[in-house]
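> Quick one: this structure, given as structure tokens, is what I'll be asking you about.
The values are calculated or read from the model by the stated rules, or taken from the named source; none is laboratory data. All values reported here derive from a predicted model rather than from experimental measurement. No Cβ is skipped: glycine too gets one built from the backbone with ideal geometry, and neighbour counts run over all protein chains shown. Quick note on the areas: whole protein, heavy atoms, side chains included, nothing else; ligands and nucleic acids left out. Shrake-Rupley method; radii C 1.70, N 1.55, O 1.52, S 1.80 Å.
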Amino acid sequence: NNAERTYIMVKPDGVQRGLVGEIIARFEKRGFKLIALKLEHATKEHLEKHYADLKDKPFFPGLIKYMASGPVVAMVWEGLDAVKTGRVMLGATNPLASAPGTIRGDYALAVGRNICHGSDSVESAEKEIALWFPEGVIQHTMASAEWVFE
Ligand code: DAT
Ligand code: MG
């Protein structure tokens, strides 16, 4: 699906380490279309909704504290198989297992400081996009589309 959407976020450590441009550049160069972008210092309440599926995990309180420790860059990227390809570009959750060439494999060492988030399914992408961008996304056509897709 050429119009599949995924929610990608640079976490507070990625912002503080100056990796925003690097992460955006990878999605841009791959051929994805940016349809929403903002810097937001999220509340714990908002982050608890984002990570609701993990609320019973032992690391949940630490995860929320870390995610609320500074602003994040919230983005929606659209393109062919955006969810799966986005996850491959991020790399494994634990940077110990993230391949070099992936964002986490190139820039992270610890699972609790893994610098970026990406939706894990089309269904979670839809939920996350609605949570972070209740105002909606920007629909537009990229001149490059016919060179990126068949
Ligand atoms: P992902 O971010 O790859 O989708 P996830 O949804 O399972 O992974 O977990 C969300 C985040 O929670 C993850 O990016 C980092 C943190 N996390 C996951 N497992 C953890 C663990 N065992 N210890 C500490 N933090 C963890
Ligand atoms: Mg996840």
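> How big is D for the stretch 40-114, in µm² s⁻¹ as a whole number, if Stokes-Einstein is applied with the Kirkwood radius of its Cα pairs at 37 °C and 0.692 mPa s?
Taking Rh from Cα pairs, D becomes 240 µm²/s.
> Could I ask something else about it? With the crude spin-label approximation of a point 7 Å out along Cα→Cβ, what separation in nm comes out for Leu131 versus Asp53?
1.0 nm
> By average Cβ neighbour count within 10 Å, what is the ranking of 52-59, 21-28, 113-120 from highest down?
Listed from highest to lowest mean packing, they are 113-120, 21-28, 52-59.
> Nearest 0.05, what FRET efficiency do His140 and Lys84 give at R0 = 22 Å with Cβ-Cβ as r?
Calculated transfer efficiency: 0.40.
> So, for the chain, what is the accessible surface per residue at a probe of 1.4 Å, expressed in square angstrom? Show your work: numbers first, answer last.
Values: 8370 Å² over 150 residues.
Heavy-atom accessible area per residue stands at 56 Å².
> Could you tell me what percent of the accessible area of the chain is made up of carbon and sulfur, with a 1.4 Å probe and every protein chain present?
About 55 percent, which is the carbon plus sulfur part of the accessible surface.
> Follow-up question, since we're still on this one. For every other residue with a beta carbon closer than 13 angstrom to the beta carbon of Ser119, add +1 if it is Lys or Arg and -1 if Asp or Glu, then tell me the sum.
-4
> Greater than 26 Å separation of Cα atoms is the criterion. Which listed pairs, Lys33/Lys127; Lys11/Lys57; Lys65/Lys127; Lys29/Lys49; Lys33/Lys55; Lys57/Lys127, meet it?
Lys29/Lys49; Lys33/Lys55
> Quick one: go through the stretch 22-58 and flag any residue whose amide nitrogen is under 17 Å from the point 7 Å out along the Cα-to-Cβ line of Asp106.
Inside the label zone: 22-32.
> What are the ³J(HN,Hα) couplings of the stretch 32-40, residue after residue, when phi is run through the Karplus curve with 6.51, -1.76, 1.60 and θ = phi - 60°? Round to Hz, x for glycine and proline.
My calculation for the stretch 32-40 gives 6, 9, 7, 10, 6, 7, 7, 9, 9 Hz in order.
> Using each residue's phi in the stretch 79-96, evaluate 6.51 cos²θ - 1.76 cosθ + 1.60 at θ = phi - 60° and report the 3J(HN,Hα) Karplus result to the nearest Hz, with x for Gly and Pro.
x, 4, 6, 4, 5, 5, 5, x, 5, 5, 5, 5, x, 4, 3, 8, x, 4
> Something else: Ranked highest first by the average count of other Cβ atoms within 10 Å around their residues, in what order do 90-100, 72-82 fall?
Descending mean neighbour count gives 72-82, 90-100.
> Still on this structure: Would you mind calculating the relative contact order of the chain from Cα pairs under 8 angstrom and at least 6 residues apart, reporting the percent as a whole number?
In percent, rounded to a whole number, it is 35.
> Taking the alpha-carbon centroid of each part, what is the distance from the stretch 119-140 to the stretch 1-47 in angstrom?
12 Å
> Determine the calculated [θ] at 222 nm for the chain from helices alone, applying -39500 (n - 2.57) to every DSSP H run no shorter than 4 residues and normalising by the residue count; nearest 500 deg cm²/dmol.
The per-residue figure over the chain is -10500 deg cm²/dmol.
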